[in-house]
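Heads up, the thing below is written out as structure tokens.
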Amino acid sequence: MDKQTPLVDMRDIQISFGGIHAVDHVSVDLHPGEVVGLLGHNGAGKSTLIKILSGAYQADGGEIYINGKKAEIHNPRDARRYNIETIYQTLALADNLDAASNLFLGRELTTPLGTVDDDAMEAETRNIMAKLNPNFQKFSEPVSALSGGQRQSVAIARAVYFDAKILIMDEPTAALGPHETQMVSELIQQLKTQGIGIFLISHDIHDVMELCDRASVMKNGKLVGTVNVDDVTDDDLLSMIILGKKPEGVAVQS
Amino acid sequence: MSSVTDVKDKSPLANLGDSGAYQKLLAFASLIALLIGFSIASPNFMQTSNMIAILQATSVNGVLAVAATLVIITGGIDLSVGTLMTFCAVIAGVALTYLGLPLLFGVIAAIAAGAFCGLCSGTFVAKMKIPPFIATLGMMLILKGLSLVISGTRPIYFNDTPGFDQISRGSLIGEVIPALPIPNGVLILFLVAISASYILSRTVLGRYTFALGSNEEAVRLSGVNTDAWKMRIYALAGGICGIGGILIASRLNSAQPALGLGYELEAIAAVVIGGTSLSGGRGTILGTLIGALIMAVLTNGLRVLSVAQEWQTVVTGAIIILAVYADMVRRKKSG
């Protein structure tokens, strides 16, 4: 699969906050229909790296190529133009708005008069929720009144509704119970078959072993290496995360 | 779950109102209680002329409170609404009395000046990241000073502009229904309130006003140009203060450059009493109108009862604390 042009190619990315190298010359890539896990301890830099792709942060150095073309991503709006959608760990929901208003936040459907078309947005939200999470019924309450799983559903719906080509999921199952986690796994499988590339940030090795094709491990802002998940064991990944040690006898990109 | 029932008839923003419904109900009940209490205490209170005086007083404060509501829902605060009102009145005076422009131009100049000053405040807050309290405090002083400088510290009278005083004092309703001589100022307040309410519930600007107050970072991550929208909201609030400037100038038939300080606190008090959360994200224009009425009834009633002005201020302060406390108790209950 290395022969084709990667969907996303982040090269030599660096960013510092107050002298701390949060991301230190890291390169990762992602192909269509592929799930790449980003692993590492808290503070390893994986969320920061991915926020550069989603436009939340601006890199101090490095380049991003989307479909082989250099991409200029200066803010979240730019990222959306490249069909990059992100499910943030914090979910990034406006708590006092309802599910539909959150789903369409920044991309409101409007009537010919230019007013917000709440009926249409709610109908669309009902449609997508019927597919994603049929149990979801709280369409008219502010999302602050929803459970963690329901809020997660709204955040996921927002990311997949707008034809994402590149999906970033930052700890998507952190707030979920076993049943909902299973639904997210199924969704990831389904999105893969549609050719969407997914960056999955997780600190759960089992999630990564189950869902990902490749895993990139970070430690202290640096990339330890990228491995094919099928080539390594849980222990190999663990020693990459904890010790920053590359497994022996396995092809490691870095 | 209770929400399985169909809720199609409810607009998504209806529940934004609902979340403050308790406070609004409380405010409305307080208003009725005040009206009944003052009526019993003094036979002079329930006179038509006194009711009209109350409405007249509500019109200016109400318009400013509507402006403050918009900014407060974004999670900000606008301390400059009072002196901005005065500044706009002075600008109207310059346009009409000094330059002798037609009435309509004076009105437009005042509203445009308000919107421009609001845009400045919005720029300080959004682009320069100055906390709204400080940015609008600075703006409040700048505008107070500018009003005095431009007018040479003297009132500007509108005697050369016939009909100017009728903007606020005349009564279109009274001409049609003589039994209801409701001043135009009140009519204008209602138009402003209905427009603001419509903007909040039906437009993208309104949607972002609530969203910014809920979680500004989430709005930014959703690809919204939060700075630009915030500036627009402050500009809109400024424009509404311009309307307030016209109202006060028309009522006094003059622009009084020393006026204005203290109006911002009355406006913010009305907003808070009406159930709008000072932490942003929640609030209604209807609540603000009720709040403004409470403030006007209270001031008027205490005056009718010949309570000293000093004590009126004390009562107002106590009521603000009570209103905020009621809001906090309610929020603790609802989690």
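What do you reckon, is A:Asn102 more than 7 Å from chain B (Cβ to nearest Cβ), without any contact (Cβ under 8 Å) to a residue 60 or more places away in the chain, over 18 Å from A:Ile196 (Cα atoms) and surrounded by fewer than 24 Cβ atoms within 10 Å (Cβ to Cβ)? Show your work before the answer.
Numbers: more than 7 Å from chain B (Cβ to nearest Cβ): yes; without any contact (Cβ under 8 Å) to a residue 60 or more places away in the chain: yes; over 18 Å from A:Ile196 (Cα atoms): yes; surrounded by fewer than 24 Cβ atoms within 10 Å (Cβ to Cβ): no.
No: the conditions fail for A:Asn102.
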Legend entry - Odd one out for A:Ile241 among (1) within 21 Å of A:Asp9 (Cβ to Cβ); (2) of a type outside the set (D, E, K, R); (3) in contact (Cβ under 8 Å) with a residue 40 or more places away in the chain; (4) surrounded by 15 or more Cβ atoms within 10 Å (Cβ to Cβ): (1)
Inset, instruction - Taking the residues in the range A:62-76 that are open to solvent by 50 Å² or more (accessible area, probe 1.4 Å) and away from chain B (no Cβ under 14 Å) as candidates, determine which candidate is farthest from A:Asp29 (Cα to Cα). - result: A:Glu72
Inset, instruction - Run B:Val149 past the list (1) part of a loop (DSSP other than H, G, I, E, B); (2) farther than 20 Å from B:Gly281 by Cα and report the number of the one that doesn't hold. - result: (1)
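Just checking, which of B:Ile233, B:Ile243 is hydrophobic (A, V, I, L, M, F, W, C) and open to solvent by less than 10 Å² (accessible area, probe 1.4 Å)? Break it down stepwise before answering.
Values: B:Ile243 fails: open to solvent by less than 10 Å² (accessible area, probe 1.4 Å).
Criteria check complete, one pass: B:Ile233.
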Inset, instruction - Quick one: count up the residues across the range A:115-146 that are facing chain B (nearest Cβ under 7 Å), surrounded by fewer than 19 Cβ atoms within 10 Å (Cβ to Cβ) and modelled with pLDDT under 90. - result: 1
Inset, instruction - Considering (1) touching a Phe, Trp or Tyr at 6+ places or on another chain (Cβ under 8 Å); (2) within 10 Å of chain A (Cβ to nearest Cβ); (3) open to solvent by less than 20 Å² (accessible area, probe 1.4 Å); (4) more than 17 Å from B:Lys129 (Cα to Cα), say which one B:Leu200 fails and leave the rest. - result: (2)
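Here is a yes/no grid of residues against (1) in a helix (DSSP H, G or I); (2) in contact with a Gly (Cβ under 9 Å, 6 or more places away or on another chain); (3) of a type in the set (Val, Ile, Thr):
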position: B:Gly174; (1), (2), (3): yes, no, no
position: B:Pro178; (1), (2), (3): no, no, no
position: B:Ile188; (1), (2), (3): yes, no, yes
position: B:Ile233; (1), (2), (3): yes, yes, yes
position: B:Cys241; (1), (2), (3): yes, yes, no
position: B:Arg251; (1), (2), (3): yes, yes, no
position: B:Val271; (1), (2), (3): yes, yes, yes
position: B:Ser277; (1), (2), (3): no, yes, no
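The values are calculated or read from the model by the stated rules, or taken from the named source; none is laboratory data. The structure presented is a predicted model; accordingly, all values stated were derived computationally and were not measured. A quick note on method: Cβ atoms are made from the backbone with ideal geometry, for glycine too, and the neighbour counts reach across all protein chains shown. In case anyone asks, the SASA skips ligands and DNA or RNA and just uses the protein heavy atoms, side chains included. Shrake-Rupley method; radii C 1.70, N 1.55, O 1.52, S 1.80 Å.
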